[in-house]
């Protein structure tokens, strides 16, 4: 019984003791969580509830970056590669064509026309797009379809036609397949053989050689003569490389100045000579400097044979003149036949819708051949007439 009463008393005394000595309330234990990555900047971090036992809020520390316990071996690291060099772009392939060359223009002598054609063909072969540049057979064409048909007869791809008239040279390129002109250039060319040739080479170079064409100019100057080419002084004995074509050349001797045209060819440009003649600076060729023997008039009169000894020369003059007339008549005959054959071929060309038949091509070639024969006979006739004149007046 005592024991029971003691237990009841102890149970009643415990609450009173608890009220007199209160114990501080501890927060609940929270298990430790692993470190989480920091949230994205766009979202604001949620505020943690204040711990009742903390007197001041502690800043949150970022997680420590610990070294990798298993670092990769050096052999596993990628080796640095050298920078890649850009591949050189290959230019697109250029078409390679056969280009026929023809020179027409009655104002040019035959020798000049042949030299101009030679220069045009030489420059055309320098082009990366030309595989062959033959001379075109002589044709009396006046329009592009005719030239295209002439080129097709020689299996050509393009035809280059140079026309000379009134000191101007014009160069055209005609597409044989399309039967039309695809390019044209022109310029003043003077009248001399070298000047016209240089102008033609410059035009062909402008159309077909993008890198340009150059030649070497040489002017031999006498003492006291100064030279400038295109405004640049030329030293004595200097050989200057210049673009193919015509250049301005000035000669100066004291107060006298003279202007000239300097032709520069791609190859074999002739040397010119600057000399003072009659007090004036002049530009001369090698032929101008060639010595000419002076024959006194009295000596010619003294060496003249008597009148009776000139009978054979008169006979020779008559015979030569007769041969000249006969040769000219033969040339006229072949010229008429040539004109007839070419006209027949051209008429057939027009009636066939712009195409030559094999028979027409035969007529065309026959007409061209007869034209060459006629020209040769006319030249021979002129030579015979000149010989007859020599027999008549020189002896």
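Filtered by the rule that a residue be at pLDDT 90 or above and more than 13 Å from residue 219 (Cβ to Cβ), segment 259-275 gives 259, 265, 266. Exactly one residue out of 270, 263 is closer than 28 Å to residue 116 by Cβ, in contact with a helix residue (DSSP H, G or I) (Cβ under 7 Å, 6 or more places away or on another chain), outside the structural domain of residue 164 (by TED's automatic domain parsing) and not in a strand (DSSP E or B), and it is 270. Here the strands (runs of 3 or more DSSP E) wholly within segment 108-192 that include at least 3 residues being in contact with a helix residue (DSSP H, G or I) (Cβ under 9 Å, 6 or more places away or on another chain) are 158-165, 168-175, 180-188. All conditions but one from (1) over 29 Å from residue 169 (Cα atoms); (2) surrounded by 16 or more Cβ atoms within 10 Å (Cβ to Cβ) apply to residue 234; the one that does not is (1). Restricted to segment 211-230, and to residues there that are within 24 Å of the chain's Cα centre (by Cα) and in contact (Cβ under 8 Å) with a residue 12 or more places away in the chain, the residue that is nearest to residue 288 (Cα to Cα) is 217. Here residue 159 meets each of (1) surrounded by fewer than 22 Cβ atoms within 10 Å (Cβ to Cβ); (2) within 17 Å of residue 97 (Cβ to Cβ) with one exception, condition (1).
Residues in segment 129-144 that are surrounded by fewer than 18 Cβ atoms within 10 Å (Cβ to Cβ), under 19 Å from residue 182 (Cβ atoms) and touching a residue at least 40 places away in the same chain (Cβ under 8 Å): 129 alone.
The values are calculated or read from the model by the stated rules, or taken from the named source; none is laboratory data. If you're wondering where the values come from, they're calculated on a predicted model, not measured in any experiment. Glycine also receives a Cβ, built like all others from the backbone with ideal geometry; neighbour counts cover every protein chain displayed.
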